[in-house]
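Asks: Let me begin by handing over the structure; questions about it come next.
The values are calculated or read from the model by the stated rules, or taken from the named source; none is laboratory data. Nothing here was measured: the structure is a model prediction, and the numbers come from that model. Cβ sites come from the backbone with ideal geometry, for glycine too, and all protein chains shown count toward neighbours.
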Ligand SMILES: *Cc1c(COP(=O)(O)O)cnc(C)c1O
């Protein structure tokens, strides 16, 4: 049985809490998926989505979870060359697995979970030549580490013919992402993270270079071929039936996001990171042995992964918080026992986060 929580108490690192007005929008009656009404709605959605991604290019709306667009990125972005996959946690590792599952020759560059990749070393590795694409996870949700996306994009751009494919599922709408200014080739997100929508939609922007590559790529399959998707998008249509109810929710949520402003939204997320990190430092100064997993300067504004002291386990702390009316994330995969994760993303408010941290302090002492 789901427990009844007061609003604002659901801090999973995805899915995130959804505002009641956004939930309610999904109850509107259906409209046909061919016709004026849906075209008008898709056009309005483009205006808001462009402001979220800071782009003038069309924003792809996919009826799939984010993993679908991760697969689309390697199916369209690789045409015979190799893939370099930057791996520093569970989701970046999934990206490498997807590249391999799609039959691409994939070089995995792993660093310890929690750390990030050095752009200068990326430059050297790409210097070997032969790569079509780099895959990376901007904000690694399993560890709370934030890659320096702007620097990695600028290094990748120096290598002709190499596309940067970015999983920014817990980045976009929570962390700074400037699609056009940073000339990103393919940047994708999902609905149920910092956008604070129900799960089921994914969004991406593809650069002209990405679309040129897609024209050369073979074995793209059918559903995730970007060229027909883009062609429909230009006419504010979709190749197959979209998740109409989720589009209603998206429309309401985009209005809410625009009312706040995208940069203000990034600032609110940065303030939630700061509040969490400062609280951890205060706990440490009182003798607690908790710690932030990701190093200073590389911490995601949307998620903090906290290492627990000897003798405490992730599932036990999560259960104790649940008893007190707060939902937080457990550690992911190999970090399950040794860490917990707070998803301070979406529409959360730093003040309510402060109450959560107060309760966490009682549970941990
Ligand atoms: C949640 C998440 C995904 C997977 O998203 P789905 O919508 O479940 O497919 C991929 N990458 C990152 C960084 C995530 O946080």
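Asks: Here's a check for you: in the stretch 68-81, which residue that is in contact with a helix residue (DSSP H, G or I) (Cβ under 7 Å, 6 or more places away or on another chain) and part of a helix (DSSP H, G or I) is nearest to the ligand (Cβ to nearest atom)?
Replies: 70
Asks: Which residue, of 233, 201, is in the same structural domain as residue 67 (by TED's automatic domain parsing), modelled with pLDDT of 95 or more, within 18 Å of residue 42 (Cβ to Cβ) and surrounded by 23 or more Cβ atoms within 10 Å (Cβ to Cβ)?
Replies: On inspection, the qualifying residue turns out to be 201.
Asks: Restricting to the stretch 302-329, name every residue that is outside any loop (DSSP other than H, G, I, E, B) and out of contact with any strand residue (DSSP E or B) (no Cβ under 7 Å at 6 or more places or on another chain).
Replies: Once the filter is applied, which keeps residues that are outside any loop (DSSP other than H, G, I, E, B) and out of contact with any strand residue (DSSP E or B) (no Cβ under 7 Å at 6 or more places or on another chain), the stretch 302-329 yields 316, 319, 320, 322, 323.
Asks: Still on this structure, I have one more. Can you say whether residue 289 is modelled with pLDDT under 95 and either assigned to a loop (DSSP other than H, G, I, E, B) or in contact with a strand residue (DSSP E or B) (Cβ under 8 Å, 6 or more places away or on another chain) (or both), as far as the supplied structure shows?
Replies: Spelling it out, it is not the case that residue 289 is modelled with pLDDT under 95 and either assigned to a loop (DSSP other than H, G, I, E, B) or in contact with a strand residue (DSSP E or B) (Cβ under 8 Å, 6 or more places away or on another chain) (or both).
Asks: Same structure, new question: Filter the stretch 82-109 down to the residues that are away from the ligand (no atom under 16 Å from the Cβ) and either farther than 21 Å from residue 130 by Cβ or free of Cβ contacts under 8 Å to residues at least 40 places away in the same chain (or both) and list them by number.
Replies: If the condition is that a residue be away from the ligand (no atom under 16 Å from the Cβ) and either farther than 21 Å from residue 130 by Cβ or free of Cβ contacts under 8 Å to residues at least 40 places away in the same chain (or both), then 100, 104, 105, 106, 107, 108, 109 are the ones that fit.
Asks: Separate question: Among the candidates 129, 89, 144, 114, single out the residue that is over 23 Å from residue 68 (Cα atoms) and surrounded by 17 or more Cβ atoms within 10 Å (Cβ to Cβ).
Replies: Residue meeting the stated conditions: 114.
Asks: Regarding the stretch 18-31, can at least one residue be identified that is assigned by TED's automatic domain parsing to the domain that holds residue 109, at pLDDT below 95 and out of contact with any strand residue (DSSP E or B) (no Cβ under 6 Å at 6 or more places or on another chain)?
Replies: Yes; the residues of the stretch 18-31 include at least one that is assigned by TED's automatic domain parsing to the domain that holds residue 109, at pLDDT below 95 and out of contact with any strand residue (DSSP E or B) (no Cβ under 6 Å at 6 or more places or on another chain).
Asks: In the stretch 27-40, which residues are in contact with a helix residue (DSSP H, G or I) (Cβ under 9 Å, 6 or more places away or on another chain) and surrounded by fewer than 18 Cβ atoms within 10 Å (Cβ to Cβ)?
Replies: If the condition is that a residue be in contact with a helix residue (DSSP H, G or I) (Cβ under 9 Å, 6 or more places away or on another chain) and surrounded by fewer than 18 Cβ atoms within 10 Å (Cβ to Cβ), then 27, 28, 30, 31, 32, 33 are the ones that fit.
Asks: Scanning for something within 11 Å of the ligand (Cβ to nearest atom), in a loop (DSSP other than H, G, I, E, B) and out of contact with any strand residue (DSSP E or B) (no Cβ under 7 Å at 6 or more places or on another chain), does the stretch 57-65 turn up at least one residue?
Replies: No, every residue in the stretch 57-65 fails to be within 11 Å of the ligand (Cβ to nearest atom), in a loop (DSSP other than H, G, I, E, B) and out of contact with any strand residue (DSSP E or B) (no Cβ under 7 Å at 6 or more places or on another chain).
Asks: Tell me whether the stretch 150-164 contains one or more residues that are within 18 Å of residue 66 (Cβ to Cβ), modelled with pLDDT of 95 or more and in contact with a strand residue (DSSP E or B) (Cβ under 6 Å, 6 or more places away or on another chain).
Replies: Yes: one or more hits.
Asks: Hey, residue 116 hits all of (1) assigned to a loop (DSSP other than H, G, I, E, B); (2) touching a helix residue (DSSP H, G or I) at 6+ places or on another chain (Cβ under 8 Å); (3) within 16 Å of the ligand (Cβ to nearest atom) but one; which does it fall short on?
Replies: (2)
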